[in-house]
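Take a look at the structure set out below.
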Amino acid sequence: MAIDFSLPPDIVALRTKIREFIDKDVEPVATRLEKVDDRSQWGPEIIRLRKLAREKGLWLPHMPKEFGGMELGALGIATVSAECGRVPLSAFIINCQAPDEGNMHTLLHFATPAQKEKYLRPLCNGFVRSCFAMTEPEVAGSDPTGIQTFAVRQGDHWHINGHKWFISGARGAKFAILIACTDPDADPPQARNSAFIVDLPRSHLGLPPMVTSQATKEEADAVRWQWLADKLASLELNAEKVDAKLAAAEAKVGLWQFACVILGILLTALAVNVFVR
Ligand SMILES: Cc1cc2nc3c(=O)[nH]c(=O)nc-3n(C[C@H](O)[C@H](O)[C@H](O)COP(=O)(O)OP(=O)(O)OC[C@H]3O[C@@H](n4cnc5c(N)ncnc54)[C@H](O)[C@@H]3O)c2cc1C
């Protein structure tokens, strides 16, 4: 029996709406901005498009209405992701870009109410960006059970010591969700790690990253690869008093469950992209 891959009418209507928005409003701007080296010129256009997206109800497809989102299910999120894949700026315009999107899910499911107000709500409002710091130069990123960044409780705080690199979007991010080992002997080994919310030293509240970084295109590209050497290393040294541990970590839920939430969404998006289009 053939599998019916047709989309329900509401998802088809959603796809038409997001496709029209991207084709008519986002794509022409993205094409023009790609030729502009001075990234400070990107800000006004991004702010204008983000306002327009919100007016059209195309904002935070993956988040509940409580946080200003569209509260879509997996199929709706995947459909929107597939459309955004055609013009990469689109995801940023409707505020579902990596790594913020994954971090929002993590905070929504595992943060305390106070942490949600402090970190998740500004992220959802588009006022700040975040990053996800897991990969390390000393060990294979493919296997998080080998993570060598350790977090040790000291009184009311945690002391975190280690190196991270390849941290997309770290420049200009307000905070990182950082993965560190808190229980080296845990069984299974996937339960060794915990997630921490770490405030980053350099914040640029209220402005989109292209504006705040003031970087040329070449600089922006280079930063992605050079972050470890001059920026994230200092983050770790400053992360001696971390008190914003995620609630899930407190319950001894390891990295695996965070990864499953994020991976599940990525796979759904991929499947729809491959099979439905
Ligand atoms: C553009 C980009 C953005 C990124 N953004 C982020 C980010 O925001 N945050 C973050 O934390 N990380 C980020 N990363 C890092 C990414 O998660 C890692 O590169 C990835 O997990 C692989 O880890 P690695 O680079 O250490 O390679 P390794 O794990 O060392 O792998 C190198 C090679 O060895 C193979 N290999 C590894 N272990 C085994 C094994 N046991 N058996 C057989 N083969 C093996 C792999 O398949 C691969 O071919 C980013 C990477 C890129 C390229």
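Once region 131-169 is narrowed to residues that are more than 8 Å from the ligand (Cβ to nearest atom) and of a type in the set (D, E), the residue that is surrounded by the fewest Cβ atoms within 10 Å (Cβ to Cβ) is D156.
On the basis of being closer than 24 Å to E55 by Cα and at pLDDT below 95, does A133 make the cut? Against the criterion (closer than 24 Å to E55 by Cα and at pLDDT below 95), A133 does not qualify.
On the basis of being at negative phi and crowded, with 22+ Cβ neighbours inside 10 Å, does R86 make the cut? When the stated conditions are applied, R86 does not pass them. Any idea how many residues of region 170-181 are among the small types (G, A, S) and more than 13 Å from the ligand (Cβ to nearest atom)? Residues meeting the conditions: 1. Scanning region 37-71 for residues that are loosely packed, with under 13 Cβ neighbours inside 10 Å and in contact with a helix residue (DSSP H, G or I) (Cβ under 7 Å, 6 or more places away or on another chain) yields one hit, D37. Evaluation of G57 against the conditions (1) over 19 Å from the mean Cα position of the chain (by Cα); (2) on the phi < 0 side of the Ramachandran plot; (3) modelled with pLDDT of 95 or more shows that the sole unmet condition is (2).
The values are calculated or read from the model by the stated rules, or taken from the named source; none is laboratory data. Computed from a prediction, not measured in an experiment: that's the story for all the values here. In this analysis, Cβ positions are derived from the backbone assuming ideal geometry, glycine residues included, and neighbour counts consider all displayed protein chains.
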